[in-house]
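Here the structure is laid out as structure tokens; the discussion comes afterwards.
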Amino acid sequence: MEYTLAASAAVLVGVSLAGLHGLLARRAYWYGLAAFAALTVVSDSVLVSNGIFTFGGRFISGIRIGPMPIEDLLYGAALYSLAVTVHEWNWNALRKLSELFRASRPFSWVNTALPCLACGIAVGRPTAALIAGTVYFLAPYNLLLYGANDAFDYESDRRNPRKNGAVEGGLVPPDRRALLWSAIAVTNIPFLAFLAWLGGPVAGIALAATAAVALVYSVPPLRTKEVPGLDALTSSLHFVLPCATGALLAGAAIGAMPWRYLVAFLLWGAASQALGAIQDVKFDREAGIGSIAVSLGARPTALASVILYSGAAAIVAGAGGPALVAAAALLPYPLLAASCLAGDAELQARRAWKGFLGMNLFSGFLITQVLLRAWGVGRVTGLELIAWGSAAGVFTLLAIFATNRLRMRRRATTVGWERISVIVPAHNEEANIAACLRSLPRDVEVIVVDDGSTDRTMSAAARTLGPLGRVVPAGQRPDGWTGKCWAAWRGAMLASREILVFLDADTELGDKALEAAAAEVARGGGLISFLTRYDMSTFAERAVMPAFALMQVALWPLTLLPLAYGPFMVARRTEYMELGGHRTIRGSDQEDVDLARLFAHAGRPVRMLHGADLGSTRHYRSARQVAAAWRRMYYAYSGHSLAIALAGIAGLAMVFLVPACAFVAAWIAEDQPALLGAAVGLIGLLVLRGAVAISERQPLATIAWHPITWAATLWAMGLSVADGLRGRRPVWRGTELAGQPQ
């Protein structure tokens, strides 16, 4: 039957594409199809009769037209339909097809297709009907589900800023509605009929129920999306029913269905719909949509979501064994919902939804590994997978570091610094400001902007500069500004020279630093920053500070993600003012990253260059201050996404801590392949730490503190995530940062 299935799928695709192009309404298409079919019968009959083509009985259905199997006719019809469609193709049709593609939310295909396939394999076998069903639950089903939504909720979704794009919605405008419904009919009706025939009556009923639930969610008069409670239930069924259908297509009896997991999936889906509804309360209320969040309110809905997520995890955990890993993969979801119980619930829900989309990939990966192990796929032990996985991560970072180090080379020859204005934003920097200012040449313009210091920062700066510079208060900070951005912008407005240097008060420059800065910005413009070396004078600094440099030079490729280093940034005044500088990113609590994005989005160069020989920075003087810094920055730098934040912590632990742990575990377990993988990872990690220490002029002795470095760093990152989930704004040196809604 393999040939039968392939030929049937091919003709279904070919005729569907022809239908989307409007060819099925043309007589010429059918005349041509009849002629091509006749030629196929004649030619293939001759080939089969002469023994040129032969077919084993198990590959075909047994239905023949003369000596030719009917599958040849189906293939001929598919090829003809595809050829005619391509011949008639034009760019307008391509645009229409692109709109339909986006309307099906490709990012969500895996959410319906994978449950169908996984459930089918778990309780039955990978039958032809299951494979065909999995294909259906990719594009056709999602076009039905989301296309119906677009047809009846276009206006309300159009006003919702998140409903745009393949992830959150590719809205089909009203003038394409006829095309949309035609596409839904052409891609769904033949597929559903084919699957009902292939899978049997019970599977056919399940498929019909799945399609019906997809429609009644959005289509009047029922529109269950407007019925509180029923909206969450039917939304969940959009994903649970494909899962159950997969089991039926695989030949499972109703009594053999995995009901425990289907119920858990139902609770998880209802919780997810409730979480998503919280962020849309404003838009749903304006559109008159009575969702569960509109009816109950944001916080009660968030609490309901926490309970449902927790119930799903508890049901899965009750199965014991490998299911405990799957239950663990579900534990972050109640945290996502719980984050909406603190602070601005709708704002927190928007942040949580970003985390939800990423968390699905992370949790889906873990659950997939559980399924593969349960099905006996692969013979690698878990310890081997962890050991070699961590080694691969270490060598990936080594490759990134080598690439970044080449990109960070300075290329320009030095020039004079007479055109430079140095702007030093300062807040409670009494201990550092004098050394910073003394490191600057006397003939540059220096402007110190005090951001409400409660110590003697202003007097220390004025005493050091004398008549050679200005020390000014930042003044009353407008609403929505962070202190650093406001002070930097005030200094830029007061500066009079061509090149602006933004310098942190805890950074000291060497003799050639400003010459190098002027030369690099004159060479190509844009935003230039220099990664200075970290001054680590105390034991606490040497124990925990090296993590900063490692992440800056080895964690992400600068060719793909332009970054800036805030303590020492340089830009031409004209470019800075043209883009709005710090005013454009006024609410940012990661101003260096956002300033780099601002320049990059405008097509301006963004370069972070090697500067360990140009100056030093001493941000923190104790382990407590370092931990506070990570607590302030990490969740913001993760885009306020729980998924990204947790994945980052897990990834860093996997690379920097797991190799040693895996080595000990493999030694005890006498697992030689795992021991080798862990040893490779440890060697790579030693090389990476040594290379970064030499490049960034760190004491090599800091490598000995490696476990403490990363245990403390990951702990502080975890606190940052906890603060973010509670809606707590970052605090730095006693000041709550304004932050920017995400």
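The values are calculated or read from the model by the stated rules, or taken from the named source; none is laboratory data. Just so it is clear, the structure is predicted and the values come from calculations on it, not from any experiment. Using ideal geometry, Cβ is built from the backbone for each residue, glycine included, and neighbour counts are taken over all protein chains shown.
Among the criteria (1) in a loop (DSSP other than H, G, I, E, B); (2) touching a Phe, Trp or Tyr at 6+ places or on another chain (Cβ under 9 Å), the one Pro557 does not fulfil is (2). Filtered by the rule that a residue be surrounded by fewer than 17 Cβ atoms within 10 Å (Cβ to Cβ) and not in a loop (DSSP other than H, G, I, E, B), the range 217-232 gives a lone residue, Leu230. Only one of the listed residues (Leu303, Leu336, Leu296, Leu331) is modelled with pLDDT under 90, surrounded by fewer than 23 Cβ atoms within 10 Å (Cβ to Cβ) and under 30 Å from Gly648 (Cα atoms). That residue is Leu331.
Taking the criterion of being surrounded by fewer than 23 Cβ atoms within 10 Å (Cβ to Cβ) and either at pLDDT below 90 or hydrophobic (A, V, I, L, M, F, W, C) (or both), would at least one residue in the range 573-580 satisfy it? Yes.
For every residue, the table says whether it meets (1) modelled with pLDDT of 85 or more; (2) closer than 20 Å to Leu531 by Cβ; (3) not in a helix (DSSP H, G or I).
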position: Arg604; (1), (2), (3): yes, yes, yes
position: Asp613; (1), (2), (3): yes, yes, yes
position: Arg624; (1), (2), (3): no, no, no
position: Ala653; (1), (2), (3): yes, no, no
position: Ala660; (1), (2), (3): yes, no, no
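Of Leu406, Leu437, all but one fail to be buried (at least 16 other Cβ atoms within 10 Å of the Cβ), out of contact with any Phe, Trp or Tyr (no Cβ under 6 Å at 6 or more places or on another chain) and not small (Gly, Ala, Ser); the exception is Leu437. Considering (1) of a type in the set (Phe, Trp, Tyr); (2) within 25 Å of Ile703 (Cβ to Cβ); (3) crowded, with 20+ Cβ neighbours inside 10 Å, the lone condition that Trp667 does not fulfil carries the number (3).
Taken over the range 503-524, residues that are modelled with pLDDT of 90 or more, in contact with an Asp or Glu (Cβ under 9 Å, 6 or more places away or on another chain) and not aliphatic (A, V, I, L, M) amount to 4. Pairing residues of the range 231-259 that are at positive phi and at pLDDT 95 or above with residues that are of a type in the set (A, V, I, L, M) and surrounded by 21 or more Cβ atoms within 10 Å (Cβ to Cβ), at Cβ distances under 9 Å and at least 6 apart in sequence or on separate chains, gives no pairs at all. For the range 233-249, indicate whether the set of residues that are surrounded by fewer than 17 Cβ atoms within 10 Å (Cβ to Cβ), of a type outside the set (Asp, Glu) and either within 30 Å of Val306 (Cβ to Cβ) or in contact with a Lys or Arg (Cβ under 8 Å, 6 or more places away or on another chain) (or both) is non-empty. No: zero hits. Just one of the numbered conditions (1) of a type outside the set (Phe, Trp, Tyr); (2) modelled with pLDDT under 90; (3) under 17 Å from Ala244 (Cβ atoms); (4) not in a loop (DSSP other than H, G, I, E, B) is not true of Arg125: (4).
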